[in-house]
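K.L.:
One structure, pasted below without further comment.
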Amino acid sequence: MPPTTPSSRLTDSRLANLAARQIYDGFCRFRGRFQEITCLAQKRFEEKDWHAQRADSLQRLNLYREIVDRVVIIVEELLGERRTRKVVWSGMKAVYSGLIDEKSDWELGETFFNSITRRIFTTVGVDPQIEFVDPDYDLPPLTDPKSLYTTYYPGNLDETVQQMLLACQLNVPFANFAEDCRQISDRLRRFLEENRSSLYRIDVVNSLFFRGKGAYLIGRIYTPQGLVPLSLVLLQGKKGIFIDAVLLDQSSVSILFSFTRAYFHVMVERPSDLVQFIRSILPLKRVAEIYISLGYNKHGKTELYRTLLNHFKQSQAPLEIAPGQRGMVMTVFTPPDLDVVFKLIKDRFAPPKKTTRQDVMRNYDLVFRHDRAGRLIDAQSYEFLEFKKSRFQEALLTELLEIAGNTVRIAEDEDTVVVSYAYVERQVTPLDIFLKQADTATANHIIIDYGQAIKDLAVTNIFAGDMLLKNFGVTRHGRVVFYDYDELRPLTECNFRKFPQAMSYEDELAAEPWFHIAENDVFPEEFLHFMGLPNSVKDTFLQHHSDLLDATFWQETQQRILAGEIITIRPYLEQHRLPQPSDVLDS
């Protein structure tokens, strides 16, 4: 028999109390440290310490897993032989629910508890006895609006704009405060005139939203036609802070909170209040995506899972293979009436793919931790998903069992399909399909953005690898994004070369290269051949992005990255920017 430990003499109820307290303490440590890191964002912005800002972002991304790992060890040691006794965990859940009752972020606390239980139990599907499937509490109404936002009633619009900017309380002066205020006021007046509208109130979130080199003021404008989103973009320049852009439409502000971007750092007492505020101006944005964009990615994952559960309760539409060409590494299926896809890694990869399952998972993790530059889709990974067998088309299930049998199985009851590991992403339209369906003007516009997407990835030290159109997609906002990560790698690990000059006529005719090619060698001159661009858009692409076919572009970008330069990528259109003198702009 194992040696007697103090916890082994405790009753189940006493042990449940102690273990619940350990999980609660772990959650409090996580939230405290999360806020400490988030609070540094303003200092990093004011000091233009972009490398420290990136380090903070990475530290915050790693924080959840680090603390969950420690708590799992503590709880397992405490519970001993009763570590998987569900009656104990049911008691722990009840005690824990009482502990988080008074916390302003209790919904995050529920997700934290679930993370512990799922690590220990590896539950298939969900188990309401030991995890929070539905919230224990309803989200309360906002009782103190002043804790979240400041309300302005513009008698004089110019003065109101000045008050809004001064309320940011930054410790760096504006380069040209009066001129910025004038331009903002002019933009607001023009917007109201063009929409034959008026404003009678503006709410502005008290905290700035920090990400990358930018700080974002987020608000909402009350007009007779309804709420209008407002965002002012603050950047640091040579002489101080300046307003780089004014955003006044749902599409532009929604892109700020996109599933393709790094997470914001924003201080807020009750996250659910901020989520509801953002939802009021972006009604088409899922609650899950808003939580994720604010850095609460684990709870966003919980909210997405609840969305999936609710959808499958209400819909009988069968799952089907997602539109697009079949991949060599992943198989993808989707519910036809919900804009998400489930991506599964195949058991075997067809030649010439040399990557492994571990490589693919490592690349997805890289994307999670990297600056996605608005061009990489953030994926949520799930283990042991459970589906009714009747929900699958027979051909789909047969295919999944054949090519992903290590991941997909039919449960013992023969009525349930279990998927042991899947990535869930927002569905986009594959670029090759989009171009076939688009008119000429739209297709040319999108192909320009395709080239820009490749460049945006490059300046954030990402080389897509496989640039075939089928590996890119188009979002509902008309932006090109990349979603095939099996050949993705850091740009600085590539060796970009020009083709050597042939030494003889025989060299030119040789079936194999006459020169040595290393595994990391890349020849941009070949890109056009492998992209598979339709002739109708090829000239447009070359007109705007011919530099992508020259090794010089890639080598110079590598040099900038290796020199420590962090290159600005603006998540908004040029038309939204304010004119600024050159001596004010970024140094």
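K.L.:
Spin-label point model (7 Å from Cα, Cβ direction): what's the ASP25 to HIS311 distance in nm?
P.N.:
4.1 nm
K.L.:
Go ahead and collect, in residue order, the members of region 395-419 whose backbone nitrogen is under 18 Å from a label point 7 Å along the Cα-Cβ direction of ARG348.
P.N.:
Under 18 Å, as judged by backbone N against the label point of ARG348, lie 398-408 of region 395-419.
K.L.:
Using all C-alpha to C-alpha distances in region 165-244, build P(r) with 10 Å bins and read off the rounded percent in each one.
P.N.:
Going out from 0 Å in 10 Å bins, region 165-244 shows 17, 48, 29, 7, 0 percent.
K.L.:
Next question. Keeping all protein chains in position, work out how much accessible area LYS470 exposes to a 1.4 Å probe, and write it in Å² to the nearest 10.
P.N.:
Approximately 40 Å² for this residue.
K.L.:
Quick one, can you get me the convex hull of the C-alpha atoms of region 14-136 expressed as volume per residue in Å³?
P.N.:
Details: hull volume 13.1 nm³, N = 123.
Per residue, the Cα convex hull of region 14-136 comes to 106 Å³.
K.L.:
Summarise the accessible area of region 164-259 (1.4 Å probe, protein heavy atoms) by the percent that is carbon and sulfur.
P.N.:
That share works out to 48 percent.
K.L.:
Highest mean first, what order results for 482-490, 547-555 on Cβ atoms within 10 Å?
P.N.:
On the way: 482-490: 22.2, 547-555: 16.3.
By packing density, highest mean first, the sequence is 482-490, 547-555.
K.L.:
Please calculate how many Å² of accessible area the chain carries per residue, with a 1.4 Å probe and no DNA, RNA or ligand atoms counted. Could you put the intermediate results ahead of the total?
P.N.:
Details: 27260 Å² over 587 residues.
Averaged over the residues of the chain, the accessible area is 46 Å².
K.L.:
Show that you can apply the helix-only estimate: for the chain, add -39,500 (n - 2.57) for every DSSP H stretch of four or more residues, divide by all residues, and state [θ] at 222 nm to the nearest 500. Write down the numbers at each step before the final one.
P.N.:
Numbers: 18 runs with 250 residues, N = 587.
Rounded to the nearest 500, the figure is -13500 deg cm²/dmol.
K.L.:
Could you grab the relative contact order for region 190-240? Cα pairs under 8 Å, six or more apart, rounded to a whole percent. The partial results should precede the final answer.
P.N.:
Values: 75 pairs, mean separation 15.3, N = 51.
Reported relative contact order: 30 percent.
K.L.:
Then there's this: Normalised by the number of residues in the chain, what is the relative contact order in percent for Cα pairs under 8 Å and 6+ residues apart? Spell out each step's value before the answer.
P.N.:
Numbers: 853 pairs, mean separation 68.4, N = 587.
The value is 12 percent.
K.L.:
State, to one decimal in nm, how far the label point of LYS48 lies from the label point of TYR153, with both points 7 Å from Cα in the Cβ direction.
P.N.:
Between LYS48 and TYR153, the label points sit 4.2 nm apart.
K.L.:
Now, a different point. Which of rounded, prolate or oblate describes region 414-481 when judged by the alpha-carbon gyration tensor and an a/c cut-off of 1.5? It would help to have the intermediate numbers written out before the result.
P.N.:
Working: a/c = 2.93, a/b = 1.56, b/c = 1.87.
Oblate shape, in that a/c is at least 1.5 and b/c is the bigger or equal ratio.
K.L.:
Rg and Dmax of region 240-351, Cα atoms, in Å?
P.N.:
Cα-based Rg and Dmax for region 240-351 come out at 17.7, 57 Å.
K.L.:
Using only protein heavy atoms and a 1.4 Å probe, report how much of TYR364 is accessible, in Å² to the nearest 10.
P.N.:
Looks like 20 Å² after rounding.
K.L.:
Related question: With θ set to phi - 60° and the Karplus curve 6.51 cos²θ - 1.76 cosθ + 1.60, what are the ³J(HN,Hα) couplings of region 540-557 in order, to the nearest whole Hz, using x for Gly and Pro?
P.N.:
3J(HN,Hα) across region 540-557, in whole Hz: 4, 4, 5, 5, 9, 9, 4, 5, 5, 8, 10, 4, 4, 4, 5, 5, 5, 5.
K.L.:
Still on this model: Could you report the accessible area of LYS313 in Å², rounded to 10, computed with a 1.4 Å probe on the protein chains as they sit in the structure?
P.N.:
Its heavy atoms expose roughly 150 Å² to the probe.
K.L.:
I've got another one for you. Mean shadow of region 237-286, computed from the convex hull of its alpha carbons, in nm²? Don't skip to the end; give the middle numbers.
P.N.:
Values: hull surface 19.4 nm².
With every direction weighted equally, the projected area is 4.8 nm².
K.L.:
Just the Cα atoms of region 60-203: what Rg and Dmax do they give in Å?
P.N.:
Every Cα atom of region 60-203 included, Rg and Dmax give 24.8, 71 Å.
K.L.:
At 1.4 Å probe size, with the rest of the protein present, what percent of the exposed accessible area of region 376-446 is carbon and sulfur atoms?
P.N.:
Numbers: 1570 of 3540 Å².
Ligands and nucleic acids excluded, carbon and sulfur give 44 percent.
K.L.:
Sticking with this structure for a sec: Can you give me the long-range amide H partners of LEU578? Hydrogens built in the peptide plane at 1.01 Å from N, cutoff under 5 Å, separation of 5 or more residues or another chain.
P.N.:
ALA245, VAL246
K.L.:
Now a separate question. From the phi of every residue in region 106-113, what ³J(HN,Hα) in whole Hz does the Karplus formula 6.51 cos²θ - 1.76 cosθ + 1.60 yield, where θ is phi - 60° and glycine or proline is x?
P.N.:
3J(HN,Hα) across region 106-113, in whole Hz: 4, 5, 5, x, 4, 4, 4, 4.
K.L.:
Using a 7 Å offset from the Cα along the Cα-to-Cβ direction at both ASN171 and ASP127, what is the distance between the two label points in nm, to one decimal?
P.N.:
5.0 nm
K.L.:
Next question. Would you please give the residues with an amide H less than 5 Å from that of ILE241, counting only those at least 5 places away or on a separate chain, with H modeled from the backbone geometry?
P.N.:
Correct list: PHE174, ALA175.
K.L.:
For the chain, with only Lys/Arg (+1) and Asp/Glu (-1) charged at the beta-carbon, what is the dipole magnitude about the Cα centre, in debye rounded to 20? Mind showing how you got there, number by number?
P.N.:
Working: 70 positive and 80 negative charges, 283 e Å.
Roughly 1360 debye for the chain.
K.L.:
Could you work out the per residue convex hull volume over the alpha carbons of the chain, in cubic angstrom?
P.N.:
Details: hull volume 116.1 nm³, N = 587.
Spelled out: Cα convex hull of the chain, divided by residues, is 198 Å³.
K.L.:
HIS445 to ARG85: FRET efficiency via 1/(1 + (r/R0)^6), r the Cβ-Cβ distance, R0 56 Å, to the nearest 0.05? Write out the running numbers ahead of the final one.
P.N.:
Numbers: r = 60 Å, r/R0 = 1.08.
Using R0 = 56 Å, I get an efficiency of 0.40.
K.L.:
May I have the extent of the alpha carbons of region 267-424 along their three principal axes, as whole Å values ordered from largest to smallest?
P.N.:
Taking max minus min along each principal axis of the Cα atoms, region 267-424 gives 49, 38, 28 Å.
K.L.:
Could you give each residue of region 212-223 its phi-based ³J(HN,Hα) in whole Hz, using Karplus coefficients 6.51, -1.76, 1.60 with θ = phi - 60°, and x for Gly or Pro?
P.N.:
Along region 212-223, the couplings run x, 8, x, 10, 10, 8, 10, x, 9, 10, 8, 10 Hz.
The values are calculated or read from the model by the stated rules, or taken from the named source; none is laboratory data. Keep in mind that what you see is a predicted model, and the values were worked out from it rather than measured. Cβ atoms come from the backbone with ideal geometry, glycine included; neighbour counts cover every protein chain shown. Surface accessibility is based on the protein's heavy atoms, side chains included, excluding ligands, DNA and RNA. Shrake-Rupley method; radii C 1.70, N 1.55, O 1.52, S 1.80 Å.
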